[in-house]
């Protein structure tokens, strides 16, 4: 008997050891499994960082095969699926991570992101709530919950979440960027600009941050600053159709219609289903007097977005200019049906109906505009002319006087002169269209 056995026997351990399993035999294999799973997991993380998403999924699969309760591997596999554009596959992986670890805040967060990708906002909101409950100091969870709330129209609640994210991380560019959008929606444009400035400060290489600031600058009338931001966004991300659209609009406003249309052409080349780009390009052709070129752009915009009321309105203007007044009247009617608050469509239809000799219906359209917008000088002017055409000079003069007063208040001197000329004609017992 060797020395070790002798010692064991002296302590009466011989029978005990003989009747016990030998954990020392199984421990090395378990350790090998753990090390192997960890190696595959680390490899997957490297592949994920390199954007080799399919390879990363294979590595995480191998880690999970060796260690079926590896919650982190399920989480990272879900992230890889999500980045491949497969949020449904991602959700299945996150479900497994949560099953293994029910208090895994990151798994709830990323599952919430995946639910957002498939527009299941109720499930996304529940997951972000749970992530925050598990980790109240989780800034990105507040950001994403704010995004969901904004999408649900709960914009003020969204701002509260972005505020909290910024309190937790004062350099969180994404939080500033989303709060900028929320402030803009609420009508706080200057506050929106300040937040966009912060977003650009902390994310200087973010094309989206520059684009969004350009959008706000444009709304504030800061055309040159908007142009600079759109240029920067395009420099950072050349295939950015929204930034090309924004720059095109600014170029057109500054008289560079050729450059503007070139930007719209490029935006459409990048995204053949970009309804807004077709509509805006149609508007540009319309303003240039290229009515026949405008119509196919409006056609395409309407095909892509059948409820696009301003595209119907633009096509109506182009049709009217080409002499198709019946077609124009139909398009204006469709625009009004889609959006009864589209004042310009009501005025356009009133003018079209006047041209078609349907004066009573035209009168109703102009009256509708005045009821909705009592300071709409054009509606008073057109209705005044129509009253004169119908021989109702008293009402004609009342409307023309009101139109003239509003035009003066609005600084529209050319239109005011037209009113004066029309009033002189009415006083002599006949009216002419200006």
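The numbers here are math on the coordinates, done by the rules we state, and not lab data. If you're wondering where the values come from, they're calculated on a predicted model, not measured in any experiment. Cβ: placed from backbone, ideal geometry, glycine included. Neighbour counts: every protein chain shown.
Values for this structure:
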| read-out | value |
| --- | --- |
| Potential extension, residue 118-residue 420 segment - 0.36 nm per residue separation minus Cα distance | 102.8 nm |
| The stretch 374-434: Cα Rg divided by the 2.2 N^0.38 Å rule of thumb | 0.97 |
| Separation in nanometres of the label points that stand 7 Å from Cα toward Cβ, at residue 137 and residue 88 | 4.0 |
| Whole-angstrom gap from the stretch 324-342 to the stretch 351-419, using each part's C-alpha centre | 19 |
| The chain: relative contact order as a whole-number percent, Cα under 8 Å and 6+ apart | 4 |
| Exposure proxy order (Cβ contacts within 10 Å, fewest to most) of 337, 75, 134 | 337, 134, 75 |
| Evaluated at q = 0.24 Å⁻¹: base-10 log I(q)/I(0), Debye formula over Cα of the stretch 153-247 | -1.16 |
| Kirkwood estimate for the stretch 32-136, i.e. one over the average of 1/r between Cα atoms, Å | 13.5 |
| Mean separation of Cα contacts under 8 Å, 6 or more apart, over the residue count of the stretch 273-367: relative contact order % | 20 |
| Estimated FRET transfer efficiency when R0 is 51 angstrom, pair residue 58-residue 371 (beta carbons, to 0.05) | 0.15 |
| Angle between the chain longest axis and helix 207-219 axis [Cα atoms, degrees, rounded to 10] | 20 |
| Contour excess over end-to-end distance, with Cα ends at residue 51 and residue 401 and 0.36 nm allotted per residue | 119.2 nm |
| Two-site label geometry, residue 253 and residue 322: point separation in nm, points 7 Å out along Cα→Cβ | 3.0 |
| Percent breakdown of C-alpha pair distances by 10 Å bin, ordered from the shortest bin, for the stretch 273-367 | 20, 49, 26, 4, 0 |
| Principal-axis tilt of helix 105-117 within the chain, Cα atoms, nearest 10 degrees | 40 |
| Two-site label geometry, residue 392 and residue 170: point separation in nm, points 7 Å out along Cα→Cβ | 6.6 |
| Degrees separating the helix 275-288 axis from the principal Cα axis of the chain, which is the longest one | 30 |
| FRET efficiency, 1/(1 + (r/R0)^6) with R0 22 Å, evaluated for residue 197 and residue 154 via beta carbons | 0.30 |
| Three-way shape label, the stretch 177-226, alpha-carbon gyration tensor, a/c 1.5 | oblate |
| Relative contact order computed over the stretch 161-241 (Cα-Cα under 8 Å; 6+ residues apart), in percent | 22 |
| Structure-based [θ]222 nm, the chain - -39500 (n - 2.57) summed over DSSP H runs of at least 4, per residue, nearest 500 | -25500 deg cm²/dmol |
| If the convex hull is drawn through the Cα atoms of the stretch 124-200, its volume per residue in Å³ | 66 |
